[in-house]
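As structure tokens, the structure follows; a few thoughts come after it.
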Amino acid sequence: MTEPGQTAAWQLSDGELAAAICASEKTMRAAYAQHLDLVAEADRRGLGPSNGARDTAAFLVGTQRISWEDARARVAIAAAELLVVRAALAAGEIGAEHAAEIVKTLAKAPPTVHPEQVAAHEETLVELARQATPATVRKAGQRIVDYWDLDSANPEDREDDLARPRREFRYTWTRDGRMKFSGEFDPETGHLAEDLFVPLAKPDPADEHGNPDPRTTAERQGDAVAAIFDLATRADDLPVRAGERAVATVTIPYADLLREAGLVTLDGGETLTVSQLRRLLCDAKIYPAVLGGEGRVLDLGRSARTASPAQRRALAIRDRGCTRPGCPRGPKWTTPHHLVFWAAQGGETNVNDLALVCEQCHRLIHHGGWDLELHHGVVYWIPPAWLDPQRQPLRNTAHDPPQRQAA
């Protein structure tokens, strides 16, 4: 509702609208600082218990209908004697989320930290909050907490912790063949893991029909971890077992491989479908074997990977990354896929018969009904008929370099 004498938002120019948004945000922040003064006084008086609430936070939840998280944050900021934070709030220079992150950080200061140091860190975080998002302030605060933890620890204990960091990984297999796991990492390993899987867990861009990535956050993070494991299996210094790198022995009649039917068994006893096997064989170490009538090995050929390092480099230059339309993953997160399956359809292992795909998108080819074609050095994805009855070829433009502006 527009107040008398106030210009309606739709009447403002772009510059005026932007300035009005900034001014209103500053006003809200100043009002929030005044609200905290009231909350601080209510907390000092015990207003919550005197009105039948357990504490001040419960009073705010009951009377203002806000969340417990918001109520506790307000009480924490109001009760903290952080004059720099409150002054910045009152001036509209930082927001409520900034203040909450700073309060959380400084509340973790161990007794060994001198008050002057705490005050100095408050100044530092407030200055950062004036120019950065709450998430950035949170990360800076975590670095300060990590520093306090190291600085206040007994030197001998600190070195012991660094020499034997706590890293635990526990897993079990469910009856339907799925792995369930839990555990924890030390901060250094945890940050390394987060730096790896957070970029990979970003939602994919909307598809050609405008549909957003349908995966949940947990599903995207699971796909990210799977991609990291997939990359690790292709590392040159992967540990060996029984004198050689990770190798799986697969037993399947050649006729079943040709007709894409039946089941296959790995040397560990795991059973796969032929479609799963074909996906794994796109970039695997294969031992061709000739078996006798009683299963006796008559001949075991040499192993060979389906794409050489030189071919992989050529594919990286040509495809620039995963070729599925909209997928932004770069070359190191991909494996070569045969456009024509080499084992059953006579496809050859050359650059013109290969296309780069990431682990997640690779499954769409083998299990989702997509086909791939190469035209004039560009890989096109052909959607399944249920998605596009016309099956119009699509190419990925996510890796295209920016277009130069005409002079």
Seminar exercise, completed: Restricted to segment 336-356 and to residues being touching a His at 6+ places or on another chain (Cβ under 7 Å) and modelled with pLDDT under 90, the residue farthest from HIS209 (Cα to Cα) is GLY347
Seminar exercise, completed: Restricted to segment 188-225 and to residues being loosely packed, with under 15 Cβ neighbours inside 10 Å and of a type in the set (A, V, I, L, M), the residue nearest to PRO383 (Cα to Cα) is ALA206
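Conditions tested, residue by residue: (1) closer than 30 Å to ALA109 by Cα; (2) surrounded by 13 or more Cβ atoms within 10 Å (Cβ to Cβ); (3) free of Cβ contacts under 8 Å to residues at least 24 places away in the same chain.
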site	(1), (2), (3)
THR7	no, no, yes
TRP10	no, no, yes
GLY15	no, no, yes
TYR32	yes, yes, no
LEU60	yes, yes, yes
ILE77	yes, yes, no
Exercise. If we keep just the residues of segment 94-110 that are in contact with a Lys or Arg (Cβ under 7 Å, 6 or more places away or on another chain) and over 13 Å from ILE144 (Cα atoms), which is surrounded by the most Cβ atoms within 10 Å (Cβ to Cβ)?
Worked result: ILE94
Problem set entry | Considering residues of segment 49-58 that are touching a Gly at 6+ places or on another chain (Cβ under 9 Å) and either in a helix (DSSP H, G or I) or of a type outside the set (A, V, I, L, M, F, W, C) (or both) only, the residue surrounded by the fewest Cβ atoms within 10 Å (Cβ to Cβ) | GLY52
For this session: Being among the charged types (D, E, K, R) and at pLDDT below 90 is the filter here, so list the residues in segment 10-32 that pass it.
Result: ASP14, GLU16
Problem set entry | Yes/no for HIS362 being assigned to a loop (DSSP other than H, G, I, E, B), closer than 24 Å to SER308 by Cα and at pLDDT 80 or above | no
Exercise. Identify, please: which residue in segment 365-379 is in contact with a Phe, Trp or Tyr (Cβ under 7 Å, 6 or more places away or on another chain) and part of a strand (DSSP E or B) and is, among those, surrounded by the fewest Cβ atoms within 10 Å (Cβ to Cβ)?
Worked result: GLU373
Exercise. Quick one: would you say LEU47 is modelled with pLDDT of 95 or more and not polar (S, T, N, Q)?
Worked result: no
Seminar exercise, completed: Note: among VAL39, VAL75, just one is out of contact with any Asp or Glu (no Cβ under 7 Å at 6 or more places or on another chain), farther than 24 Å from GLN131 by Cβ, among the β-branched types (Val, Ile, Thr) and in the same structural domain as GLN131 (by TED's automatic domain parsing), namely VAL39
Exercise. With respect to THR56, is the statement that it is without any contact (Cβ under 8 Å) to a residue 12 or more places away in the chain and hydroxyl-bearing (Ser, Thr, Tyr) true?
Worked result: no
Exercise. Residue check: is ARG45 under 40 Å from the mean Cα position of the chain (by Cα) and over 21 Å from GLY95 (Cα atoms)?
Worked result: no
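The values are calculated or read from the model by the stated rules, or taken from the named source; none is laboratory data. Just so we're clear, the structure is a prediction, and the values are computed from it rather than from any experiment. Note that each Cβ is placed from the backbone with ideal geometry, even for glycine, and that neighbours are counted across all protein chains shown.
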